[in-house]
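K.L.:
One structure, as structure tokens, below. Some questions next.
The values are calculated or read from the model by the stated rules, or taken from the named source; none is laboratory data. Note that the structure is a prediction, hence the values are computed from the model and not measured. FYI the Cβ positions are ideal-geometry reconstructions off the backbone, even for glycines, and counts take in every protein chain you see. We work out accessible area using only protein heavy atoms, side chains counted, and drop any ligands, DNA or RNA first. Shrake-Rupley method; radii C 1.70, N 1.55, O 1.52, S 1.80 Å.
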Amino acid sequence: MAERAKSIRIDGRKFTFRRGQTILGIAREHGIDIPTLCHHEALEPYGSCRLCVVEVKSGDRTRTMASCVTPAGDGMVVRTSTPGIREIRKTLIMLLLARCPNIESIKAMARKLGVKKVPFPKSDEDCYLCGMCVRACAEIVGVRAIGFAQRGHESVVAPPFGLVSNACIGCGTCTTICPARTFDLDKVFARRGMHRVEGKDGVGRCIICETYYMGG
Amino acid sequence: MSKKAVTKTRSLSVCHGSCCVLAGARDVAAALKAALKENLPGARVKVKKGRCSARCGGGPVVTVEPDGTVYTGVTPGDAAEIVKKHVAGGKVVRRLAAKAKVEPGPIPALGESGFFKDQVLIAMRNRGRIDPDSIDDYIANEGYLGMAKAVTEMKPEQIVAEVKKAGLRGRGGGGFPTGLKWEICRNSPSCDDKYIICNADEGDPGAFMDRSLLESDPHSVIEGMIIGARAIGATRGYVYVREEYPLACDRVIKAIDDARAYGLLGESILKSDFSFDIDVVRGAGAFVCGEETALMASIEGKEGKPRPRPPFPAQSGLWGKPTNVNNVETWANVPPIALRGGAWYASLGTARSKGTKVFSLVGKVKNTGLIEVPMGTTMRQIIFDIGGGVLKDRELKAVQTGGPSGGCIPADMMDIPVDYEELARAGSIMGSGGLIVMDDETCMVDVARYFVEFLEDESCGKCTPCREGITRMREILDRIVEGKGKRGDIELLERLAFTIKEASLCGLGATAPNPVLTTLKYFRDEYEAHIYKKRCPAGVCKALIIYRVVAGKCTGCQRCVRACPVGAISGPRSQPHNLDQDKCIKCGACYEVCKFDAIAGDAIYVE
Ligand SMILES: Cc1cc2nc3c(=O)[nH]c(=O)nc-3n(C[C@H](O)[C@H](O)[C@H](O)COP(=O)(O)O)c2cc1C
Ligand code: SF4
Ligand code: SF4
Ligand code: SF4
Ligand code: FES
Ligand code: FES
């Protein structure tokens, strides 16, 4: 006997889903917009920005969950834009805007969520720690040349132990994927103390190991 | 003074755990810094913030490095003496020196029979009664009997059923039913391996029950793990001990070796078909590594950061295999349950919280130390009958429960029975069982600020609400205690608290706003006094008080002159002294030592 297809309700609409699909995945498949800042189709879900939170009712429990990392469950009832959820997203984008007032993608998201004023003192960071570069380097390039150093508010993207990394192959994947796009490859390398690329026309020569790389 | 200061001392580490801070560690640190500057200008001696050294009853604690002398109960008034005698003169200040070594021996006999009367020892059943290094001692006290019964007489399902019947819940903070957790892991589609873990990361400042259990009775934890492994079908166990606990680590390793030598661990335990062994892993030291997913990542050699759940460890844990994580105290409760049955254990406690709980009773209370009481004992019984009441018979203001992310319960709620549900209803948590008693000299805004700062330092930084939000909360609290609070700050704190609680990835963020939320709930007037009246009702916040000599009371005894680390007080003997406001660092040393109440700490109005 064929099993009954599993279904989930999102914003009042009922959808069937495949095993392993996340709430975000199903919503996007059906054109329901949930804002995200650390999600990327090519990478494993990570769940760090928390912008994608939704209200999930499952059994008799109602909880706030990050939709990008929460697998859909049979009978779940999801609401993507309750007043509480909107309040959380606004607070989150205020926090990120205070951290990175000059990153375009953050500014755009703030506009989208209707946030104009930030009740916190502003700093000027060029990275909002979405971790896409770190994950891309590990998952797509497969070299793990960069990771997070320090913790908490001091976290930064850096090569392991903050040392000059020989693992980096200068492929540029991290800069291409970076949604902040506030620096180019050269700056990334300089800042992270890794291979520094010289040269024109997208071909670079690392001043440390002297090999040539594409990208830049 | 042109002579260059010569000293062997490199640093003075002042414990900044919650108990020590409440006991005045920050003033002590400020006074030490000032005394160094005054007496040994140019000397390269650092005053550092130390982590909780588990001597919480005797705070503030100062450790002199490198010689390792530990001073307890230090006050700002002692700073000058420590600097002059020890740092400059190389002599230990005997009066303040702690006993050579802190051994978690028997519960200190405090002369108060009440301290023992209401206690029921299950997890701590052997504490102080046996030699922790002797497996024979343990066996002579019913040791390994529960495990022998579980392995030779019971089916795994029966063990799970007994633990379920006992109603045992996780003692590491979450309070999840242990039997149910075992069952889920047991029924998890099996592969070749399943793992169990003992979480001994104990990061809460002011809590030291896990350390004490491992140091004084390591076999009880190992026996519990063997029983759990049998029930779950696990082949390997790990004890994850935080690196600050070297003695606990050594004792567990020795206990494991001895158990193996006796055939209680390893292949074919008690000649059955059951094989199981345990390894010890030293923790990396970060608070968040106590969170189970971060802990497993750390054992795997990866970055110790939490990851989203699901999948839960029982589905996909260590190296992707079904894994069951329990706290030290949870494991220590298992052998008596196996031996005496679940019904016996469930006869103690309340409707939904069974058995006993170990608490570390610290702060402004007469009898401090670890206590074990049945769930449902009231807060009043714990503080007044067992604890002997508030230190110096001052007025009780609040009890902080649950560690840094717990909450403060006000004095008028002391009749609540202490169990998981009641504490949650009060807005706090059971956590690992820290109970910090606070008297009327405690500023609740300052307390909230302290815990938020601790959590800010410990946030792993992965998710936005916790990483950015806690820092913003701390900034707001900073300005409130500095007398710079603004209209709207309370509402902003509430907004941040809501988002951090709801949206954080792991339990650290999800509980981090508790200290602020509970103090706002029960002590909102104190926040308002700081913000709108620029006044600290408890007289704690330095920016909002001023010390002065009350001329009519001062006898000119010169005690304060000697105590002041910066030489701000002067005056001829037998005549009212003078306090120089420009020099005063507001450490309160003079206030502390004056025998005639002639130093007043007054509220001042800023702006
Ligand atoms: C930030 C954080 C820190 C934690 N620290 C500890 C700890 O030090 N010891 C502990 O046993 N559990 C700690 N936990 C709880 C564990 O994640 C886990 O729930 C527990 O070890 C499970 O055991 P139990 O069911 O026996 O309590 C912590 C949780 C969080 C969110
Ligand atoms: S450029 Fe280097 S750091 Fe960036 S993705 Fe490529 S290998 Fe990784
Ligand atoms: S550098 Fe860019 S991709 Fe990497 S964490 Fe920062 S914002 Fe994300
Ligand atoms: S809540 Fe805090 S500790 Fe937990 S994952 Fe997020 S940043 Fe890390
Ligand atoms: S998109 Fe889900 S947490 Fe960032
Ligand atoms: S010893 Fe200082 S707080 Fe524990």
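K.L.:
In region B:11-88, what % of DSSP beta bridges are antiparallel (nearest 5)?
P.N.:
60
K.L.:
Also: State the extension gain, in nm to one decimal, for the chain segment bounded by B:Lys484 and B:Asn141, taking 0.36 nm per residue of separation less the distance between their alpha-carbons.
P.N.:
Difference between extended and current length: 117.5 nm.
K.L.:
Among B:504-511, B:39-46, A:148-155, how do they line up by average Cβ neighbours within 10 Å per residue, starting with the highest?
P.N.:
B:504-511, A:148-155, B:39-46
K.L.:
Please list, ordered by chain and number, the residues whose modelled amide H lies under 5 Å from the amide H of A:Ile10; skip anything fewer than 5 residues away on the same chain.
P.N.:
Under 5 Å from the amide H of A:Ile10 lie the amide H atoms of A:Phe15, A:Val78, each far enough along the sequence or on another chain.
K.L.:
Here's a follow-up. Rank B:Phe523, B:Ala510, B:Phe454 by how far each Cα sits towards the positive end of the charge dipole of region B:444-532 (+1 on Lys, Arg Cβ; -1 on Asp, Glu Cβ) and give me just the farthest.
P.N.:
B:Ala510
K.L.:
Another question, then. According to the square roots a ≥ b ≥ c of the eigenvalues of the Cα gyration tensor, what is the shape class of chain B, taking rounded for a/c under 1.5, prolate for a/b larger than b/c otherwise, and oblate for the remainder?
P.N.:
It is prolate, given that a/c is not under 1.5 and a/b is the larger ratio.
K.L.:
Checking an interface number: how much accessible area is buried between A and B, summed over both chains, with a 1.4 Å probe, in Å² rounded to 100?
P.N.:
2600
K.L.:
Let me ask something additional. Need one value for A:62-70: mean number of C-beta atoms belonging to other chains within 10 Å of its residues' C-beta atoms.
P.N.:
Per residue, the average neighbour count from other chains is 3.
K.L.:
Whenever you get a sec, line up B:Thr368, B:Thr235, B:Thr401 from highest to lowest accessible area (probe 1.4 Å, protein heavy atoms).
P.N.:
Descending accessible area places them as B:Thr235, B:Thr368, B:Thr401.
K.L.:
While we're looking at this one, here's another question. Quick one: accessible surface of B:Leu295, probe radius 1.4 Å, all protein chains present, in square angstrom to the nearest 10.
P.N.:
Here the residue's solvent-accessible area equals roughly 0 Å².
K.L.:
Which of B:Lys165/B:Lys397; B:Lys542/B:Lys595; B:Lys364/B:Lys586; B:Lys165/B:Lys194; A:Lys6/B:Lys181; A:Lys90/B:Lys321 have a Cα-Cα distance over 28 Å?
P.N.:
As for pairs spanning more than 28 Å Cα to Cα, those are B:Lys165/B:Lys397; A:Lys90/B:Lys321.
K.L.:
Please compute, for peptide B:80-90, the average count of beta-carbon atoms on other protein chains lying within 10 Å of each residue's beta-carbon.
P.N.:
Taking all residues of B:80-90 together, the mean is 0.
K.L.:
Also, I was wondering about something else. Amide H to amide H under 5 Å from B:Ala98: which residues, 5+ apart in sequence or cross-chain, H placed 1.01 Å off N in plane?
P.N.:
Sorted by chain and number, the residues that satisfy this are B:Val70, B:Tyr71, B:Thr72.
K.L.:
Classify the protein assembly as shown: rounded, prolate or oblate, from the alpha-carbon gyration tensor (a ≥ b ≥ c, eigenvalue square roots; a/c under 1.5 rounded; otherwise prolate if a/b is larger than b/c)?
P.N.:
Because a/c hits 1.5 or more and a/b fails to exceed b/c, the protein assembly as shown counts as oblate.
K.L.:
Under the definition of partner shielding as Cβ atoms of other protein chains within 10 Å of a residue Cβ, what is the mean value for peptide A:124-136?
P.N.:
Mean partner shielding for this stretch: 1.
K.L.:
Would you mind working out the accessible area per residue for chain B, using a 1.4 Å probe, and quoting it in Å²?
P.N.:
Roughly 39 Å² per residue, with all protein chains present.
K.L.:
Number of Lys-Lys pairs in region B:444-532 under 23 Å by Cα, sequence gap 8 or more or different chains?
P.N.:
Within region B:444-532, the lysine pair count is 4.
K.L.:
Among B:Ala79, B:Leu348, B:Met147, flag the residue with its Cα farthest along the positive direction of the charge dipole of chain B, charges on Cβ as +1 for Lys/Arg and -1 for Asp/Glu.
P.N.:
B:Ala79
K.L.:
In addition: Determine the distance separating the Cα centre of region B:378-439 from the Cα centre of region B:472-504; give it in Å without decimals.
P.N.:
25
K.L.:
Counting Lys and Arg as +1 and Asp and Glu as -1, each charge on the Cβ, what is the dipole of region B:444-532 about the Cα centre in debye, to the nearest 20?
P.N.:
Dipole about the Cα centre, nearest 20: 240 debye.
K.L.:
Using helices alone, what [θ] at 222 nm do you get for chain B, with -39,500 (n - 2.57) per DSSP H run of 4 or more residues, divided over all residues and rounded to the nearest 500?
P.N.:
So the calculated ellipticity at 222 nm is -9500 deg cm²/dmol.
K.L.:
Quick one: pull the percent of accessible area on the protein assembly as shown belonging to carbon and sulfur, 1.4 Å probe, ligands and nucleic acids left out.
P.N.:
Carbon-and-sulfur percentage of accessible area, whole number: 51.
K.L.:
Per-residue HN-Hα couplings for region B:118-129, Karplus 6.51 cos²θ - 1.76 cosθ + 1.60 at θ = phi - 60°, whole Hz, x for Gly and Pro?
P.N.:
Once rounded to whole Hz, the list reads 8, 8, 10, 9, 10, 5, 9, 4, 9, 4, x, 9.
K.L.:
Now a separate question. Which parts of region B:460-478, residue by residue, lose 40 Å² or more of accessible area when the rest of the protein chains are there, as against the chain isolated (1.4 Å probe)?
P.N.:
Going by heavy-atom accessible area, the residues of region B:460-478 that drop by at least 40 Å² are B:Lys462, B:Thr464, B:Arg467, B:Glu468, B:Arg472.
K.L.:
Roughly how big is region B:11-88's charge dipole about its Cα centre, with Cβ charges of +1 (Lys, Arg) and -1 (Asp, Glu), in debye to the nearest 20?
P.N.:
260
K.L.:
Under a point-charge model restricted to the Cβ atoms of Lys and Arg (+1) and Asp and Glu (-1), what is the dipole moment magnitude of the protein assembly as shown relative to its Cα centre, in debye to the nearest 20?
P.N.:
1980
K.L.:
To the nearest 10 square angstrom, how much accessible area does B:Lys484 have with a 1.4 angstrom probe?
P.N.:
It works out to around 120 Å².
K.L.:
Among B:Asn126, B:Val334, B:Ser11, which residue has its Cα positioned farthest towards the positive end of the charge dipole of the protein assembly as shown, with +1 placed on the Cβ of Lys and Arg, -1 on the Cβ of Asp and Glu, and the dipole taken about the Cα centre?
P.N.:
B:Ser11
K.L.:
Follow-up question, since we're still on this one. Work out which residues of region B:481-508 lose at minimum 10 square angstrom of accessible surface when the other protein chains are put back, relative to the chain isolated, with a 1.4 angstrom probe, and list them by number.
P.N.:
Residues of region B:481-508 that lose at least 10 Å² of accessible area once the other chains are added: B:Leu492, B:Arg495, B:Leu496, B:Phe498, B:Thr499, B:Glu502, B:Ala503, B:Leu505.
K.L.:
Name the residues of region A:27-57, by number, that are at least 30 Å² less accessible with every protein chain in place than in the isolated chain; the surface is that of heavy atoms, probe 1.4 Å, without ligands or nucleic acids.
P.N.:
For region A:27-57, once contacts with the other chains are taken into account, A:Tyr46, A:Ser48, A:Arg50 lose 30 Å² or more.
K.L.:
Keeping all protein chains in position, work out how much accessible area B:Asp597 exposes to a 1.4 Å probe, and write it in Å² to the nearest 10.
P.N.:
Solvent-accessible area, nearest 10 Å²: 110 Å².
K.L.:
Got the relative contact order for region B:184-308 handy, in percent, Cα pairs under 8 Å and 6 or more residues apart?
P.N.:
Reported relative contact order: 26 percent.
K.L.:
Can you give the % of DSSP beta bridges in the protein assembly as shown that are antiparallel, to the nearest 5?
P.N.:
65
K.L.:
DSSP beta bridges in chain B, what fraction antiparallel, as a percent rounded to 5?
P.N.:
So the antiparallel bridges amount to about 55 percent of the total.
K.L.:
If you don't mind, another one. List the relative contact order of chain B as a percent without decimals, with contacts defined as Cα pairs under 8 Å and 6+ residues apart.
P.N.:
Contact order relative to length: 14 percent.
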